[in-house]
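Each remark here refers to the structure printed beneath this line.
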Amino acid sequence: MTQSFDQPTVQVQAPLLQLNGITKVLKGQGEPRTILSGVDFTVHPGQSVAILGRSGSGKSTLLSLIGLFDRADEGQYFLHGNDITKLPERRAAALRSAEFGFVFQRFFLLKHLTAAQNVAMALVNGQGWSARRKRKQQVMEALEQVGIAHLAKSKPTRLSGGEQQRVAIARALVRQPRIILADEPTGALDTETGNLVVEVLLNTTRQGCGLVLVTHDHDHARKMGRVMELRDGRFN
Amino acid sequence: MLSGKFRSALVIGGQGIRARKLRTFLSMVSLFLGVLAVVAVQAGSEIAERAMLTDVELQSGKDGTIRGYVPGEKGAPAIVESTLKGRTDAVAMISSNAIIGEPGVRPINEGGMPFEYAGQGRGYYGPTMICDSNGSCQEQKQPEKKPDGQAIEVSMVALTGDIRAFKPFRPVSGSWLDFGSAPALAPRIVLNEEAAKGLRQYRVPGEMTIEGATHHVTPQIIGVVQDGDMQPRVYMRLDELRTWMPSATETTNSNQYRGGGTSLDLFLQPGSDDLQQLLKAKLIGAGVSQEQMQFQAVKSKERMESELRIMRLIFLGMAFLVLLIGVAGILNVGLATVGERVEEFALRRAVGMSRLLLAGIVLAETLLTGLLTAALAIGAGAAGLQVALMMFGSRFPSLVGTAFPWEAGVAGVIAGLIAGVLGGLIPAIRAAQIPIATVMRA
């Protein structure tokens, strides 16, 4: 088992997640293409990791494997020390709900719902049920955390790009996940708003949450505790 | 946990419907016609069955009623009358003939024939035959012809109790016989529609001559009912008839000519076996032969159902074809909607929703749409029935008072559910198969 810890402060803690020798091959109509080849990756509680790389280098694929959207063809995946490599889909869904918060470049807000309802979406997912009042409280706390509680009743079409991304971050935070997976969250934002969003994401690590940020932006990457670069499906 | 999933499906399904009102409405339009067709066919066949059943019940008695025939000889009528006195679970009916109008004249409808045939001679019953106990019959010598006069002949039915518990006579006007009060000297009679028509058509004096009665009677007409009989009839209380005709229940001459005595029609509620046994025992004790008594259950419904079954199946088949068109509509809209909502479904799965629940949400949306459509179709069906009854009810008396059959409501709900499931199943499977990674990376 390979472990490379860049930050001595977190080395004493057990890893949140650990990938060993992960390989992913894309099998389409043409020749199979190896996207990831024997990748090792570890995240500890409170650690932030930036993943850099050119388009097609496998950054998003790695993120979707970490987030249990997809399965690796080879290798092992440990979450809190438990092997979840061959987890059934139903349990994978439960883990996505309990452990991960996702932030995407394109926000993925539902236009017919308000900001609060979009955030509540992560609570109404069939993984347990809480009373309306409690849900409302959780949603407002998440919105406050990203500084847009006053926009709770606004529809996404009335929000700026930065506000929409903060709603998406609130949606990722509302279930108090252990790991935030952010796939180019600043890609559609101007520099100033992008910085603000990265700050909001980094704040979560101060509460012990792990953060994996996929980005093209080296300035944002430098703000993370660890920077890794993917090239041709391998970390440099 | 299951409750959380169920609630999530309902909440999200409801949000989906609210977010796509026009689409939901469009898919409801075609489905509405399909469900309405099922509701209409089911309601129509139920109403037709009930209407036909009511007509049959007017003649034969309500379904399940035990009907008995006892000859009116050897004191049987008196035994039956005394046995049934004060009972509500059985009624005896004794028929005879009566003439209302001028005494001693030939009635307009001699023989008690319907007034449509009045004046066409006594051809209604054919020649009167006299038969002996060996079955040897000979034509009766025609009685002396009476002069024509203002009188009508009716079939007179004397009752020991309220027959409406067994034969659902429909009130037309006035009231029905009150069996709870003391017998009146002037017998109260209720006419059937044909008898009322005769009295309306021919102005006859209000005097009644009953075969075998000691005196002419001046009856009080208290009401008119629809009894489903073409022959003019009057109904009266047996105890009021007795005042004028002590031997009311014994064999009358006219019936003797027809080859038998006055028979008693008995109507007993289902399950009254004890009463049946008691009657039989008393009658056999009085000398009535057991072979002469008949008791059998009325099976009106069974007869009707077999007649209507094929017709109902044909119409239901047609209705289901219309429903299939509705299902195709909801399926089409469902598939288009899934295509549009790929990102939403992928996102929902990304935040922890299982494939199964996602499929459940799509199904919940189509099921809610189906149920909503069913509710509208049932409402439209019920309202349509009321309008139809208001407009055409007077032409079809058997439909008066008809309520929207609950069976049609159930059929509508089932049709809505089936349409919801059939229309939502394929979109639900497609939604569950959306790959999260591909969509979220796009």
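The values are calculated or read from the model by the stated rules, or taken from the named source; none is laboratory data. The structure presented is a predicted model; accordingly, all values stated were derived computationally and were not measured. Every residue, glycine as well, gets a Cβ built from its backbone with ideal geometry; the counts of neighbours run over all protein chains shown.
Miscellaneous remarks
- Total residues in the stretch A:123-160, condition at pLDDT below 90 and either of a type in the set (Gly, Ala, Ser) or not in a helix (DSSP H, G or I) (or both): 11
- Criterion: over 23 Å from B:ALA431 (Cβ atoms) and touching a helix residue (DSSP H, G or I) at 6+ places or on another chain (Cβ under 8 Å) - qualifying residue of B:VAL333, B:VAL322: B:VAL322
- Matching residues, the stretch A:32-82, being away from chain B (no Cβ under 14 Å), closer than 23 Å to B:PRO435 by Cα and without any contact (Cβ under 8 Å) to a residue 12 or more places away in the chain: A:PRO32, A:ARG33
- Just one of the numbered conditions (1) over 24 Å from A:ILE148 (Cβ atoms); (2) within 8 Å of chain B (Cβ to nearest Cβ); (3) touching an Asp or Glu at 6+ places or on another chain (Cβ under 9 Å) is not true of A:TRP129: (3).
- Restricting attention to the stretch A:210-223, the residues that are assigned to a loop (DSSP other than H, G, I, E, B) and buried (at least 22 other Cβ atoms within 10 Å of the Cβ) add up to 1.
- Residue that is farthest from A:HIS112 (Cα to Cα), among those in the stretch B:1-51 that are without any contact (Cβ under 8 Å) to a residue 60 or more places away in the chain and either of a type in the set (Ser, Thr, Tyr) or away from chain A (no Cβ under 14 Å) (or both): B:SER3
- Residue in the stretch A:135-147 that is within 13 Å of chain B (Cβ to nearest Cβ), out of contact with any helix residue (DSSP H, G or I) (no Cβ under 7 Å at 6 or more places or on another chain) and closer than 26 Å to B:GLY4 by Cα present: no
- Within the stretch B:309-317, one or more residues are farther than 19 Å from B:THR438 by Cβ, buried (at least 16 other Cβ atoms within 10 Å of the Cβ) and not aromatic (Phe, Trp, Tyr).
- Residue in the stretch B:229-238 that is modelled with pLDDT under 70 and polar (S, T, N, Q) present: no
- Residue that is farthest from the other protein chains (Cβ to nearest Cβ) [pool: residues in the stretch A:181-203 that are surrounded by 24 or more Cβ atoms within 10 Å (Cβ to Cβ) and either under 12 Å from the mean Cα position of the chain (by Cα) or without any contact (Cβ under 8 Å) to a residue 24 or more places away in the chain (or both)]: A:LEU201
- Among the residues here, B:LEU335 qualifies as assigned to a helix (DSSP H, G or I), more than 9 Å from chain A (Cβ to nearest Cβ) and not polar (S, T, N, Q).
- All of (1) of a type in the set (Gly, Ala, Ser); (2) loosely packed, with under 15 Cβ neighbours inside 10 Å; (3) in contact with a Ser or Thr (Cβ under 7 Å, 6 or more places away or on another chain) hold for B:ALA403 with one exception: (3).
- Qualifying residue in the stretch A:97-115 (condition: part of a helix (DSSP H, G or I), at the interface with another protein chain (Cβ under 10 Å from one of its Cβ atoms) and closer than 21 Å to A:ALA188 by Cβ): no
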